[in-house]
Amino acid sequence: MRQYMLIILTAGLFISGCVQPSQTVQTKTAAQQFVVNPIGKVVREDGRTFVVIEPKYRDGLLRLDQCSHLTVVYWFHKNDTPQKRSILQVHPRGNRDNPLTGVFATHSPVRPNLIAISRVKIISVKDNIIEIESIDAFDDSPVIDIKS
């Protein structure tokens, strides 16, 4: 199973919302590395789409069949190059008529950390296989987490 290394800058203080100009926030930043192991993959077969979870994570699917939707967190594995990770501005949807925009303000698949998130409708859950209505991931995209 392939591992993905994430380099994340962390702050000593997490702030929810915006800081007012008159407020002073002192933070300490340090680079940390996290290893992310895929828990499954996206599989497309005969016009159907599945999230296939590794058998060792099957117990984590208990009662998922009672949920209607799922958030799938996956890796943009086909875009994982140093060049694509360095792109910070894009024309949304690849359309040059759209104004140049920072990747953090878009759904662009090129970004410093290639994490993708999609909300999908669950069709069925059988053993370690979740059939879903659709997803904007490629076949064999590594799934790094799911949440109901």
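In a simple Cβ point-charge model (Lys, Arg +1; Asp, Glu -1; nothing else charged), segment 73-148 has a dipole of about 340 debye relative to its Cα centre.
Stretching the chain fully between Gln32 and Lys56 yields a gain of 5.9 nm (0.36 nm per residue, less the alpha carbon separation). Taking amide H as placed 1.01 Å from N in the peptide plane, the amide H of Ile144 sits under 5 Å from that of Ile39, Val73, Tyr74, Trp75, each at least 5 places away or on another chain.
Every read-out reported here was derived from the displayed coordinates using simple, explicitly stated rules and does not represent laboratory data. Remember, predicted model here, so these are calculated numbers, not experimental data. Here Cβ is always computed from backbone atoms with ideal geometry, including for glycine, and neighbour counts include all displayed protein chains.
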